[in-house]
Structure formats: structure tokens, C-alpha cells
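Novice: Before anything else, here's the structure in question.
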Amino acid sequence: MADPVGAMKPATTLWLTAVAMIAFAANSLLCRLALRDTGIDAASFTSIRIAAGALMLWSIVRLRRGRRRVAGDWSSATALFAYAAGFSYAYQSLQAGTGALLLFGAVQATMIGYGLARGERLSPGAVAGLVLAAGGLIGLLLPGLSAPPLAGALLMGAAGVAWGIYSLRGRGGGDPAAATAGNFVRALPLALVLSLLEIGATRLDPAGAAYAAASGALASGLGYAIWYAALPGLRAASAASVQLSVPVIAALGGALLLGETLTLRLLLAATAILGGIAMVIGSRR
């Protein structure tokens, strides 16, 4: 994929962004499908996903940069691994839309919390948005028949915090595709160690492995490369706002493709959480 040169046409930015958001949502659908309907275990899914993502991103960087080395660092790779592992284990029990909503909320909470810790001041509108989003999260997790399993919710929350840390570490870090490629490569040994620790529970089958490979190579590796290509055509606030679509796409995909139920609790919580985050993003333009 060539480096962006000059101003990108709005139509190009639009379709690149749309494809990237669908790819990110597809991660949730593929992981949930694999862990619900095939025999693969979470550790194996994580290892195959990271390996496939590393291969895809390494190939893209090599095509763009010739024989130049990939970038990244071990701290970011550890955060990437923590996200991928928590994501996989959480989807053993969470529905696709619920997991994507919890993940996205935790990512944004981490990044907003970092800004507050550094002395950033929030406007009244941003404070109202935080209160609304927190209320939606509490409403989603309150005990009840349609509440998500607490263990899965906590694991996805931890995955979101890890991804938030990874995103913060990647700010202003040069070529994001090269950095992400290097971090995927470095995360692979960590994933293999996890698989070794879980070897007694290892379960593999062709379908599960194929879903994991698709999640890594297409939804993750190629998805990130497309997103990085779209970013130069997006303003910072627009880039943050458009990601609000990912949990919505995942929820709709879960209902249409996986037969999952869109409960009233999930719809109300999603409206509150995503609406609150949109208010915070809008106030920080």
C-alpha cells in the first residue's frame, strides 16, 4: 500500500474509513463465532490471530518500505498482547455487540483519564457526557437476566484499558503501520507462551483456526493498514467520532449473522455510552 501523497479525495477517505470500521467490528464477530461455534480455545485463537496479523503487517510494510525494518517496542507489544488475550477470553461468554461496546468504552475511558491526569480540564458538556456514559455502563452491568457475565465484562474492560495504553503510546510515533507491524511481531512470543501455559486446554479445529487467521490477517492487520491510510484525510475529532460506529456495526452483525439478541438494556446502554463519549469528543475539538 503506497504512502498517502498530497490531499486525499473525500470519497476515498470515506470508503477507506468505512472499510476499516467494518474490519474492526469483524474482529468481534470472528472471535465470538470461533469461540462459540468451533472447538478452538482462547489462547490458540490469540496466538493464531497475532501470528496472522504480524505476517500481514510485515508484508505490507516490506512492500511499502523495501527492506527497511519494522518499528515498535516491547512495552507497546506487551499492551497489544494484553488486549488481544483479554479480548479472546472475554468473548468466551460475551455477545459480539456487548463486548465491542465494553471494549470501546474502556478504551475511551483510559484515554480520557490520561488527559485528566495530565491536567486537562473538561467543559460542562464533557462532564455531562462522562456522567451519561458512566450511567449507561452501570445500567448495562447491573444484575439482571440480560446483564452480561461479570467475568467476561471485566476481561473486556481490561482489554480496553490495554488497548487505550497501546493507543496512547503510539501517539506521534512516526509511521504507525511500521510500529504496529513491529509490535505484532514482538507480541507473538508472548502469545506463544500463553499457549504453552494453557497447553492442557488446547483445542484446535480447521474452522476455528481459519476464523482466527482471518481476524489477524484481514480484520486486524489489513484493517489497521487501511485505517492508517484513511487517517490523513480525517481531523482528530472526526477520527475519534467515527469509531463510535464500531460497537453499532458489531451489534448489528451479531444480530444478523450470529443470531444474537439486541436487548432493550443493550440498546439503551449503547445509546448512553456512545452518546456520552460523543459529547466528550465534541467538547474537545
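The values are calculated or read from the model by the stated rules, or taken from the named source; none is laboratory data. Everything quoted here is computed from the prediction, not taken from an experiment. Every residue, glycine as well, gets a Cβ built from its backbone with ideal geometry; the counts of neighbours run over all protein chains shown.
Novice: Do we have any residue at all in the stretch 261-269 that's outside any helix (DSSP H, G or I) and either of a type in the set (Asp, Glu) or modelled with pLDDT under 85 (or both)? First the steps, then the outcome.
Specialist: Here is the first cut: in the stretch 261-269, the ones outside any helix (DSSP H, G or I) are 261-263.
Narrowing further to those that are either of a type in the set (Asp, Glu) or modelled with pLDDT under 85 (or both): none.
There is no residue in the stretch 261-269 that is outside any helix (DSSP H, G or I) and either of a type in the set (Asp, Glu) or modelled with pLDDT under 85 (or both).
Novice: A further question on this structure: From the list GLY113, GLY129, GLY99, GLY139, which one is buried (at least 21 other Cβ atoms within 10 Å of the Cβ), at pLDDT 85 or above and over 26 Å from ARG186 (Cα atoms)?
Specialist: Just a single option satisfies the conditions, and that option is GLY129.
Novice: Now for a different question. Look at the stretch 261-285 and say how many of its residues are more than 16 Å from LEU140 (Cα to Cα) and of a type outside the set (Val, Ile, Thr).
Specialist: 6
Novice: Can you tell me which residue among THR46, THR78 is crowded, with 22+ Cβ neighbours inside 10 Å, in a helix (DSSP H, G or I), at pLDDT 90 or above and in contact with a Leu (Cβ under 9 Å, 6 or more places away or on another chain)?
Specialist: Of the residues listed, the single one that is crowded, with 22+ Cβ neighbours inside 10 Å, in a helix (DSSP H, G or I), at pLDDT 90 or above and in contact with a Leu (Cβ under 9 Å, 6 or more places away or on another chain) is THR46.
Novice: Exactly one condition in (1) closer than 30 Å to ALA269 by Cβ; (2) at pLDDT 95 or above; (3) not small (Gly, Ala, Ser) is false for PHE104; which is it?
Specialist: The single condition PHE104 does not satisfy is (2).
Novice: Continuing with this model, one more query. When you go through LEU218, LEU190, LEU155 one by one, which is the residue that is within 14 Å of the chain's Cα centre (by Cα) and either surrounded by 18 or more Cβ atoms within 10 Å (Cβ to Cβ) or of a type in the set (Val, Ile, Thr) (or both)?
Specialist: The match here is LEU155.
Novice: Taking ALA162 as meeting all but one of (1) under 25 Å from ARG118 (Cβ atoms); (2) at pLDDT below 95; (3) buried (at least 22 other Cβ atoms within 10 Å of the Cβ), write down the number of the exception.
Specialist: (2)
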